[in-house]
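This report refers to the structure that appears directly beneath it.
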Amino acid sequence: MMTRPQQGRTHRLTRPSIAIAAAVAVTAGVVAAAPDAKTAEPTPKLSLIAASTSVTLDSWKDDPGVYLDLGTYLTSENGAFELKVTRKSYKDPVVATQVLRNGKKTTTKALPAGLVKDFSGLPGFAQVSVTDTAGKTVLKQTEAFCPNNASGRIRPDAPAQSKYPQSCPVNPFTLGSVWGVENGWASNTYAGYYAKPVQLAAGTYTAKISVTKKYRDLFGIANKPQTVKVTVRERSWEEEEGSGSTARSAAPRSAKSAAGTQGHAGHAGHGGHEGHQRAADAPAASAHAAHGAPARPEAPAGRTTGAAPTFNVGHGPYPPAPPALPWALKKESLQRQAFSAAKVGDRPGQTDGSRQAPGAKANAKRPTGKATVPDVPKPDLRSLPAYGITVSDGYEDVPGKDYLAFSANVWNAGPAKLVVDGFRSPGKELMDAYQYFYDAKGKQVGYTPTGTMEWDPRPGHEHWHFTDFASYRLLKADKKESVRSGKEAFCLANTDAVDYTVKNANWHPGNTDLSTACGQENSISVREVLDVGSGDTYTQDLPGQSFDITGLPNGTYYIQVLANPENRLKETNHKNNSALRKVVLGGKKGARTVQVPAHELVNAN
């Protein structure tokens with residue numbers, strides 16, 4: 001798997017997070033005072049505010065377009081604004097419920113059916129209109145709002161930390177999420193990764209931002225639009241490089257040149273590139289990064305934003321949800337890829353730019369005494385259906401071959417986290433792996449040997465893989481095995497928030513960064529963790545990991561993602577480890593095609 005995005009976390013343009021928080025605090029201090037706890041209503045009071053009366057936005061010559069991060073925030077007083085978003089299965093629609101907390105009393109309020117259709121946020125929440133100096137309206141649009149976006153306190157007595165997750169999930173097979181604005185906090189209304197750039201010529205404008213009527217009525221938000229002066233300035237990537245400006249590392253780039261960084265950008269997947277890569281390994285990483293999809297460049301946003309990709313979306317070069325493209329897109333400019341990878345990719349302990357999630361440390365010594373598997377809560381490993389499915393030939397690397405590539409995720413439904421330590425005896429190439437078990441208080445009460453860990457020296461990997469964590473197989477129409485992927489060793493990390501509504505889900509998992517989670521070549525021990533509610537995405541983007549379909553006839557097949565294939569890991573249920581995704585192969589050798597039917601209500605290939 002790869003070192004990893006997760007959704008580089010510090011490469012976004014715009015003001016630093018401290019400046020944002022300060023601006024929010026100043027603005028909010030004028031708008032709202034802290035309520036008296038004795039008279040506060042049990043329902044949160046929501047308000048739209050602007051952190052500043054003016055912003056400067058950049059339009060890049062080689063990739064023109066302006067991202068409308070206007071610095072507007074939704075504040076929550078009299079309690080936290082909390083939504084629980086779920087679906088019972090992929091046959092059922094996504095539904096949202098508001099959670100109201102009043103001391104120890106918790107009540108819920110079902111929101112209108114069809115209000116949300118996925119897990120990216122509240123659609124059509126903000127209305128934005130932009131006028132030029134002549135008063136002519138040049139832009140009018142609505143944007144979605146992820147309550148887990150960039151946030152900060154609006155008063156000093158608010159909780160020091162927000163309990164809510166950072167960013168909204170982007171995996172198409174997400175099952176449950178929690179969104180919220182902490183009491184006394186504010187969350188950026190900018191749609192970020194889910195927004196498209198707009199075309200605005202260099203100059204000055206006036207933007208008016210408001211909450212749309214259906215949400216004002218639904219949540220009792222006052223109709224108080226905010227006005228922000230906007231200055232658009234035109235910049236050039238080449239000019240930034242030539243000037244030696246450090247700002248260039250944050251510059252949005254064209255879709256093609258962003259392929260590597262966007263792949264980095266989301267823990268972009270364990271696979272050929274497996275997402276995160278140490279800055280020192282940037283040239284090698286970028287070469288693999290070029291195997292990924294030419295993703296949309298990341299929207300510039302404040303460093304605390306959750307609006308852009310989580311950067312925890314898997315090991316590999318693919319962005320989280322869009323269809324993958326051929327793995328051999330390394331004909332791109334590797335020089336620019338290497339530069340951008342060195343400046344933006346994941347760095348030790350950094351994930352989505354708004355949090356630090358250092359890898360867990362292994363126990364000081366390998367376990368001693370009799371191995372026992374106590375009767376305590378254990379993890380429940382489950383597979384998501386494959387997605388990001390595409391076909392390609394082998395290009396110049398493996399001429400004459402056809403491959404079927406895909407993304408796969410194994411997640412932990414709990415109620416206990418999966419903890420695996422690896423220990424190496426001096427001079428040995430493999431580590432001995434052990435799974436640990438904990439009681440309700442977090443005390444380790446048992447362990448069992450569970451295979452090995454191996455060092456993967458390939459560029460773009462260069463970390464320790466736990467063997468036999470998952471297996472990928474291509475099944476024929478009769479669901480008998482036809483082809484097996486060579487990828488069966490993995491570095492475990494919490495790349496995707498699959499279902500944060502399950503019991504004991506950790507909304508702020510560590511072990512999200514491959515550069516810290518998976519060890520170094522000279523490591524004597526390593527700890528790999530898959531927390532409750534989170535999953536680990538790998539992309540199958542390289543020959544030997546993707547399926548070789550060169551000799552397969554056209555027709556219907558199933559991609560099987562199988563967790564814990566040898567049952568080496570102890571878990572609560574071994575019967576829910578498999579997920580199938582139907583595909584239909586067609587075309588001719590060298591030009592194979594794939595059709596991916598919707599998986600029940602999820603129409604994501």
- At 1.4 Å probe size, with every protein chain present, just tell me what the per residue accessible area of segment 80-200 comes to in Å². 43 Å²
- Going down the list Lys45/Lys109; Lys140/Lys224; Lys378/Lys503; Lys428/Lys570; Lys109/Lys196, which pairs span over 22 Å between their C-alpha atoms? Lys428/Lys570; Lys109/Lys196
- Under the rule rounded for a/c under 1.5, else prolate if a/b exceeds b/c, else oblate, using alpha carbon gyration tensor axes a ≥ b ≥ c, segment 55-190 is classed as oblate
- Item | Cα centroid of segment 531-605 to Cα centroid of segment 71-90, whole Å | 33 Å
- Carbon and sulfur atoms: what percent of the 1.4 Å accessible area of segment 402-541 do they account for? 47 percent
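So which of Lys476/Lys575; Lys88/Lys117; Lys361/Lys443; Lys136/Lys214 end up more than 23 Å apart by C-alpha?
Flagged as over cut-off: Lys136/Lys214.
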- Message: Within 12 Å, Cβ to Cβ, of Gly180, how many net charges do the neighbouring residues add up to if Lys/Arg are +1 and Asp/Glu are -1?
- Response: +1
- Item | 3J(HN,Hα) from dihedral phi, segment 549-556, Karplus parametrisation 6.51/-1.76/1.60, rounded to Hz, x for glycine, proline | 10, 3, x, 7, x, 5, x, 8
- Under the rule rounded for a/c under 1.5, else prolate if a/b exceeds b/c, else oblate, using alpha carbon gyration tensor axes a ≥ b ≥ c, segment 533-580 is classed as prolate
- Query: Considering amide H positions built from the backbone, and no H for Pro or chain starts, which residues 5 or more places from Trp185, or on another chain, come under 5 Å of its amide H?
  - Reply: Ser76, Ile154
- Query: Gly446's amide H: which non-local residues (gap 5+, or another chain) put their own amide H closer than 5 Å, with H modeled 1.01 Å from N in plane and none for Pro or chain starts?
  - Reply: Phe437
- Which whole-number percentage describes the relative contact order of segment 489-605, with Cα contacts under 8 Å and a sequence gap of 6 or more? 20 percent
- Task: Calculate one ³J(HN,Hα) per residue across segment 558-565 by plugging θ = phi - 60° into the Karplus curve 6.51 cos²θ - 1.76 cosθ + 1.60, and present them in order as whole Hz with x for glycine and proline.
- Result: 10, 7, 9, 9, 10, 7, 6, x
- Could you pull out every residue, at least 5 positions away or on a different chain, whose amide H is within less than 5 Å of the one on Ala362? Hs are placed 1.01 Å off N in the peptide plane, and Pro or chain starts have none. Arg527
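The values are calculated or read from the model by the stated rules, or taken from the named source; none is laboratory data. Bear in mind that the values here come from a model prediction, so they are computed numbers and not experimental data. As a convention, Cβ positions derive from the backbone with ideal geometry for all residues, glycine included, and neighbour counts pool all protein chains shown. All accessible areas refer to the heavy atoms of the entire protein, side chains included, with ligands and DNA or RNA removed. Shrake-Rupley method; radii C 1.70, N 1.55, O 1.52, S 1.80 Å.
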